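Notes to accompany the following structure.
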Amino acid sequence: MCAVMSRSVEFPREMAVDDGGDDDDDPGQVLDNMEVSPPPPGLETEYETLFTTDALLFLSELISTFDKEVDKVLWLRVSRKAQLDLSGDLPSFLEGTTHIRTDPTWKVLPVPPRLQKRHVDIGDMAPCDSQRFIRALQSRAQGIQVDFDDGNCPTYYNQIKGIHNIVQVVHNQFPNVPPISQAPVLMLRPRAWNMVEHNMMVQGKEVPGPLFDFGLLMFHCGKMLFDNKSGPFLYLSKVESFMEARLWNSIFVWTQLKLGLPLGTIKATVLIENVLATFEMEEILYELRDHSAGLNCGIWDYSASFVSKFGHRQDFLLPDRSKYVNMEKLFLHSYMDLLVQTCHRRGALATGGMAALLLPQDPHSDSYRTVLSSVIRMKLLEIKAGVDGFMVYDLSLIEPMQKLFQLHTKGDNQLQQLRKDVAVTPDDLLSMPLGGVTLYGLKYNIAVGVLFIDAWLSGKGHFFYRGQVEDSATAEISRSQVWQWIRHQARLEDDSRVVSRALVTDLTREVRMELSCGCHSVRAEQQLHTAADIFLEVVLKRHFPEFITTYLNVEHTFLSSQKIGPLEASKSKL
């Protein structure tokens, strides 16, 4: 690591910087109760811009105030999982909060004008990718999911580069993009609670990743976004309970008071991507009723959560996702219907998941028409269910999806669609689709899992495979299914072979050999081999690792790979 740079600002005596001389192993800035690693190579200017005296003081106080509360909600997750495992019970709607669900009078505060129309957001927009970020800002999308979670690999370089890019955009310093008041609205998505930031310590502990992201973004951008009537607006990932929503609400209130923003300024869309959260959607909205921009539903993180919570139970064996799992299945369309009904009943917006398919370049080709028809069919299901918007990855899908909304809806949103026809039961939400396991689906899941880990080792949070974008959500469902099929010794539909350790090991080796044809250097091939080994390590564990991102974030191979500069890392894939 490089030595600490000289600073252009002076810290107060009680937060004095230990400059560490010229020692290459210098730990970085050492402050009172706070340590910050030196800048990633090539980002010294960005680092200096972000880590000012006042910003560090704000981060230190934010993290110190809420660190114990973060630990509490994480321990509550563990406790809830243990209770379900020990009792064999299944989740249901909470008895203790019946009064919230049955009270028809409360509503969330109306969202500001810039959020009233949320037809098409761009998803998986890792802001460290400056060129794609520019293209997104120049697009006609309503919003951009500025993503530090599913589509982003949280290397120190990526976090600093991405946050600095956002600061530049918000302050109208980014080249060739409209001012923030005219560009697509930024929906900032910090990391989820399961992630930690290794490069900052407060009171002797690595800090929660979402507080690191949220704190820097709010300190540098919150006031400017508010002044331009463009935020601050957020996506909140992997929330599992109303207690976690309550924590976020407390963080919002504290932050607004500290930054001199009116209460209710921050608006957040909560992603309901965990089966337990589905039973607490009303309560989540209630806790965030002054700060809610609605709820969002996706497919793959949500499906993977069934394996995480109940995967050891035979009754919850999830069949081949490539053949049997889609939004037309009872457990998924019930979840979407309930989400829309819940949101609209409370005056909140309901948004759908991301279209991951990529349009072929030739708009006159049969393949182009086939892909577009597939996206239209699935997204039309969401529109007819009453969603107010959804996401796309491919910027070429923005215009056709906006036309889809114009053809099938009236006005800026569908809040008037109250879905009084919906009466979803716990059995509906917990009903597994019928189906088995195919050899194609098993190999596909293995390939996605291996390639995701390979991407992370290269400092990338998403990749392209067989005509669509893959990220941590698809990696989660892929590795979850392989683990579960091994656990329950599922049989292939093709030839009745048992999905065993030996079979998965052999197929992983076979998939790795097929994928290695795309490697153009010895180093890239070695990295792919490492990724395959880590994948097998994950799917053969006795106990299910809850998040693949958590597993990788503390995995020694990944931490070591962060020492590679971005240019060197990218060259290794050429």
**Message:** Report the per residue volume, in Å³, of the convex hull enclosing the C-alpha atoms of the range 134-254.
**Reply:** 117 Å³
**Prompt:** Any idea what log10 I(q)/I(0) is at q = 0.29, 0.31 Å⁻¹ for the range 479-529, Debye with uniform C-alpha scatterers and no solvent?
**Reply:** -1.04, -1.12
**Prompt:** What does the accessible area of ASP427 come to, in Å² to the nearest 10, when a probe of 1.4 Å is used?
**Reply:** 120 Å²
**Prompt:** For the modelled label position 7 Å from the Cα of SER79 along Cα-to-Cβ, which residues of the range 231-262 have backbone nitrogen atoms closer than 19 Å?
**Reply:** 239-250
**Request:** Quote the accessible area belonging to ILE134 in square angstrom, nearest 10, computed with a 1.4 Å probe and with ligands, DNA and RNA left uncounted.
**Result:** 20 Å²
**Request:** Can you tell me the relative contact order of the range 301-446? Whole percent, Cα pairs under 8 Å, sequence separation 6 or more.
**Result:** 38 percent
**Message:** Positive end of the dipole of the chain, charges at C-beta (+1 Lys, Arg; -1 Asp, Glu), about the Cα centre: which of VAL469, HIS164, LEU430 has its Cα farthest in that direction?
**Reply:** LEU430
**Request:** For the range 189-231, state which trypsin sites (Lys or Arg not before Pro) are in a DSSP loop and have at most 14 other beta carbons lying within 10 Å of their beta carbon.
**Result:** LYS229
**Prompt:** Using the C-alpha atoms of the range 295-407, what convex hull volume per residue, in cubic angstrom, is computed?
**Reply:** 116 Å³
**Request:** Could you pull out every one of the lysines with an alpha carbon less than 17 Å from that of LYS323, ignoring same-chain neighbours closer than 8 positions?
**Result:** LYS443
**Message:** Testing the spin-label approximation: label points 7 Å from Cα along Cα→Cβ at HIS408 and ASP227. State their distance in nm.
**Reply:** 4.2 nm
**Asked** With every protein chain left in place, what is the accessible area per residue of the range 59-117 in square angstrom, probe 1.4 Å?
**Response** 61 Å²
**Item:** Distance between the range 151-217 and the range 342-368 - C-alpha centres, whole angstrom
**Value:** 25 Å
**Item:** Inter-part distance where the range 455-509 and the range 254-272 are each reduced to a Cα centre, Å
**Value:** 39 Å
**Complete:** Length gained, LYS72-ARG377, 0.36 nm per residue minus C-alpha separation, equals 105.6 nm
**Prompt:** Under 24 Å Cα-Cα from LYS81, which lysines qualify once same-chain neighbours fewer than 8 residues away are excluded?
**Reply:** LYS68, LYS72, LYS238, LYS309, LYS541
**Fill in**
Checking the range 452-554 for trypsin sites (Lys or Arg not before Pro) in a loop per DSSP with at most 16 other beta-carbon atoms within 10 Å yields ARG466, ARG497, LYS541, ARG542
**Asked** What is the spin-label model distance, in nm, from HIS99 to GLN131 if the labels are put 7 Å beyond Cα along the C-beta direction?
**Response** 5.8 nm
**LEU540 accessible area, assembled protein chains, probe 1.4 Å, Å²** = 50 Å²
**Request:** Taking semi-axes √(5λ) of the Cα gyration tensor in Å as the quantity of interest, determine which of (1) 45, 28, 23; (2) 34, 30, 25; (3) 57, 42, 22 was computed from the displayed structure.
**Result:** (2)
**Fill in**
Toy charge model, Lys and Arg Cβ at +1, Asp and Glu Cβ at -1: the chain dipole around Cα centroid in debye, rounded to 20, equals 1920 debye
**Item:** Percent of beta bridges antiparallel (DSSP, the chain, rounded to nearest 5)
**Value:** 35 percent
**Complete:** Restricting to Cα pairs under 8 Å and 6 or more apart, the percent relative contact order of the range 149-210 works out to 24 percent
**Message:** Using a 7 Å offset from the Cα along the Cα-to-Cβ direction at both PHE464 and ALA55, what is the distance between the two label points in nm, to one decimal?
**Reply:** 3.3 nm
**Request:** Over the range 439-529, with every protein chain in place, what whole percent of the accessible area is carbon and sulfur at 1.4 Å, could you tell me?
**Result:** 51 percent
**Prompt:** Which aspartates and glutamates have a Cα less than 12 Å from the Cα of LYS107, not counting those fewer than 8 places away in the same chain?
**Reply:** GLU282, GLU283, GLU287, ASP290
**Fill in**
In whole µm²/s, the translational diffusion coefficient that Stokes-Einstein assigns to the range 36-190, given a Kirkwood hydrodynamic radius over C-alpha pairs, 10 °C and 1.306 mPa s, equals 83 µm²/s
**Message:** Under the rule of at least 5 residues apart or a separate chain, name every residue whose amide H is placed under 5 Å from the amide H of GLY461.
**Reply:** CYS153
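The values are calculated or read from the model by the stated rules, or taken from the named source; none is laboratory data. Bear in mind that the values here come from a model prediction, so they are computed numbers and not experimental data. Every residue, glycine among them, receives a Cβ derived from its backbone with ideal geometry; neighbour counts consider all protein chains shown. Accessible surface areas use protein heavy atoms only, side chains included; no ligands, DNA or RNA. Shrake-Rupley method; radii C 1.70, N 1.55, O 1.52, S 1.80 Å.
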